[in-house]
Amino acid sequence: MTAPPLPSADRGANPAAVLLRAVLAHGPVARGTVAGLTGLSPAGISRHCAGLARLGLLTTRPARGHPAAGRPRAELDIATNRHSVFGVHIAHHFATLAELDLRGRVRAQERVPHADAEPERVLAGLAARLHRFRRQRLPGRIPIGLGVACGGWVDPDAGMIVDHSSLGWHDVAAGPILSELTGLPTRIDGHARALAAAEALFGSARDSESVAHLFVGNVVDAAFVSGGLLHRGPGSAAGTVAHLPLGDPRTPCACGRSGCLETTVTDWAVTAAAGADMSIVDLVAAAVSGDGAARTALLSRAQTVGRAAALLFDLVNPELLIVTEAGIAHLPECLAALRAEITAHSRGRVDAERRVLPSSFAAADVLAVAAGAVQLDALYTDPHALSDRLAPAGVHHTRADSTSSGHVFSTKAAPSQE
C-alpha cells in the first residue's frame, strides 16, 4: 500500500494509479468528475484513460440518465470481465483458494484442509489444487497473478513467512515456492496488512490516510497506515501485537512469558475457555442462536480486544480502527462491547461509534479478500508495472501454461466482454 486512496496528482503519485483509483472509488464516473477528484488535466486524463483501456483495465459505459437526443455521454468504469487475481490464504487448519475481480469481489472460493503440517508439502498440495481450481472457475478470465496472505511475521520483499507460531512455520519461502509451482507471478504479505490495503481500495478506509487494522483469529496481528503509507519497518516486522501483556496473567505463552494477548483472544483460546469442543465458526453460530455460554465467551474476547485497541489508539491515534474478528462480525453486542472498552480505557477522546468499525467484508469472504488484495494493491499502486501480465482489450486468453511463469494468449480479436 504505497498511496492514499485518492492521492493528489501534485504529490508525486503515479498518475495512472491516481486515475484508476478514482474510477474504482467513484465509477461509473464522468471524465470531468475525475479531473475534479484528482487534479489531473483533461489531456492527462485522456492519455492515461487510453493507456489503461488498452491494458483492459478501464472501460466506458453509457452515462446514466443521459438525454435521448444529442451525442450520448460516456462514463469511465473498472473493467471487471477481462482480468482477475487468484488468492491463497493460509490459516491454521486450512487454506482458502479464491478468484477475485478487479473490484475486489470474490467470484469463487473453496476451502482446502491441511493434510500435513510440513510447509513444503502443504504448499505443493495447494499448488496442485490451484491448478484444478483455475480450470474449473471462470476460465475465460485472464489472471494477473497470485496473492498469498497469512498471519504472523511475513516479509513480502523476501517472499517469506518468517514466523507463524500457530502453524510452527519459520523462514518458509512461500512466495517463490508457489510462484514456481503454479506458474503465476506471486506476491505474499501478512493478512492484517493485506486487509488494510483492501479497506483502502474497496472498503471503509477509502477516504482515510491513517488507519489501524487489527486481525483476531488463530493469530493476532495489526497493521498501521499513516499518511496513506503502510508502516512495515525493517524486515516488515511491524504489527506484532500478539505478545502485548493484556491477556490473562495466569495463562502461559509459548514465548516463555504469561498473560500475552494471544493466549486469551485467539480462536483456540476462546473455544477452550468456553469449554466447547467446537470451532470458532460453530461457537459464533451457537451464540447467534442464543447460546448464553457462547455469547459470554465472545463478549469477553471483544472486551479484551477493546483494551488492546485502546492502547493502539493511544500509541498511533488513527482516524479509523478496523477490527476483523468473528464475534464482532456477527454479534452487534460484541461490537458495542469493543467500542465501550476503547472509550473507557483510551486516554484520548475517541468517538468510537465513528472511528471503530468492523471489517467491510462479509465474514465468509474476508480471508479470500485478504489474499486477493495482495495482488490488487500492487495493481492499483502502479498498473503499468504489471503491463506484461495484462491482455490488451480485444485479446482473449486461451489457456494458462502450467509449466512456466507466463501465460499463453491468443492474438485473435474477441468480442468485447464489457
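State the number of residues belonging to the stretch 279-295 that are part of a loop (DSSP other than H, G, I, E, B) and either over 14 Å from ALA326 (Cβ atoms) or β-branched (Val, Ile, Thr) (or both).
Residues meeting the conditions: 3.
Conditions (1) modelled with pLDDT of 95 or more; (2) within 18 Å of ALA149 (Cβ to Cβ), marked per residue:
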| residue | (1), (2) |
| --- | --- |
| MET1 | no, yes |
| PRO4 | no, no |
| LEU20 | yes, no |
| ARG31 | no, no |
| ARG64 | no, no |
| ALA74 | no, no |
| HIS92 | no, yes |
| ALA98 | yes, yes |
| ASP116 | no, no |
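Quick check: anything in the stretch 259-278 in a loop (DSSP other than H, G, I, E, B), under 21 Å from HIS92 (Cβ atoms) and in contact with a Ser or Thr (Cβ under 7 Å, 6 or more places away or on another chain)?
Yes, some residue in the stretch 259-278 is in a loop (DSSP other than H, G, I, E, B), under 21 Å from HIS92 (Cβ atoms) and in contact with a Ser or Thr (Cβ under 7 Å, 6 or more places away or on another chain).
When you look at ASP157, is it touching a residue at least 12 places away in the same chain (Cβ under 8 Å), among the acidic types (Asp, Glu) and surrounded by 24 or more Cβ atoms within 10 Å (Cβ to Cβ), yes or no?
Answer is no for this residue.
Of the residues GLY147, GLY168, which single one is within 25 Å of GLU325 (Cα to Cα), among the small types (Gly, Ala, Ser), modelled with pLDDT under 95 and not assigned by TED's automatic domain parsing to the domain that holds VAL305?
Unique residue meeting the criteria: GLY168.
Considering every residue within the stretch 167-181, establish whether at least one is in contact with a Ser or Thr (Cβ under 9 Å, 6 or more places away or on another chain), surrounded by 17 or more Cβ atoms within 10 Å (Cβ to Cβ) and free of Cβ contacts under 8 Å to residues at least 40 places away in the same chain.
Looking through the stretch 167-181, at least one residue is in contact with a Ser or Thr (Cβ under 9 Å, 6 or more places away or on another chain), surrounded by 17 or more Cβ atoms within 10 Å (Cβ to Cβ) and free of Cβ contacts under 8 Å to residues at least 40 places away in the same chain.
Among the residues of the stretch 214-226, is any part of a loop (DSSP other than H, G, I, E, B) and either more than 26 Å from GLN303 (Cα to Cα) or without any contact (Cβ under 8 Å) to a residue 12 or more places away in the chain (or both)?
No, the stretch 214-226 contains no residue that is part of a loop (DSSP other than H, G, I, E, B) and either more than 26 Å from GLN303 (Cα to Cα) or without any contact (Cβ under 8 Å) to a residue 12 or more places away in the chain (or both).
Which residue out of ALA287, ALA293, ALA273 is among the hydrophobic types (A, V, I, L, M, F, W, C) and within 23 Å of SER165 (Cα to Cα)?
Exactly one of ALA287, ALA293, ALA273 is among the hydrophobic types (A, V, I, L, M, F, W, C) and within 23 Å of SER165 (Cα to Cα), namely ALA273.
Can you give me the number of residues within the stretch 104-114 that are under 16 Å from SER360 (Cβ atoms) and in contact with a strand residue (DSSP E or B) (Cβ under 6 Å, 6 or more places away or on another chain)?
Here the count works out to 1.
Mind checking which residues of the stretch 182-223 are within 19 Å of ILE144 (Cβ to Cβ), among the β-branched types (Val, Ile, Thr) and either in contact with a Ser or Thr (Cβ under 9 Å, 6 or more places away or on another chain) or surrounded by fewer than 24 Cβ atoms within 10 Å (Cβ to Cβ) (or both)?
The answer is THR182, THR186.
Within the set of pairs 6 or more residues apart or between chains, which connect a residue that is under 15 Å from THR271 (Cβ atoms) inside the stretch 283-311 to a residue that is acidic (Asp, Glu) with Cβ atoms less than 7 Å apart?
Sorted first by the residue in the stretch 283-311, then by its partner, the pairs are LEU299/GLU333.
Residues being surrounded by 22 or more Cβ atoms within 10 Å (Cβ to Cβ) and more than 26 Å from VAL154 (Cα to Cα): count how many of those fall in the stretch 245-289.
4
Hand me the list of strands (runs of 3 or more DSSP E) wholly inside the stretch 19-120 holding 2 or more residues that are of a type outside the set (Gly, Ala, Ser) and under 18 Å from the mean Cα position of the chain (by Cα).
83-90, 94-100, 106-113
For the stretch 230-244, indicate whether the set of residues that are over 20 Å from TRP153 (Cβ atoms) and not assigned by TED's automatic domain parsing to the domain that holds ILE90 is non-empty.
There is no residue in the stretch 230-244 that is over 20 Å from TRP153 (Cβ atoms) and not assigned by TED's automatic domain parsing to the domain that holds ILE90.
Scan the stretch 324-338 and tell me whether some residue there is assigned by TED's automatic domain parsing to the domain that holds THR96 and among the polar types (S, T, N, Q).
no
Against the conditions (1) more than 17 Å from the chain's Cα centre (by Cα); (2) in contact (Cβ under 8 Å) with a residue 60 or more places away in the chain, where does ASP163 fall short? Just the number, please.
Of (1) more than 17 Å from the chain's Cα centre (by Cα); (2) in contact (Cβ under 8 Å) with a residue 60 or more places away in the chain, only one is false for ASP163: (2).
Quick one: in the stretch 339-371, which of the residues that are surrounded by fewer than 17 Cβ atoms within 10 Å (Cβ to Cβ) and among the basic types (Lys, Arg) is nearest to the chain's Cα centre (by Cα)?
ARG354
The values are calculated or read from the model by the stated rules, or taken from the named source; none is laboratory data. These figures come from a predicted structure and were not determined experimentally. For neighbour counting, all protein chains shown are included, and Cβ atoms are generated from backbone atoms with ideal geometry for every residue, glycine included.
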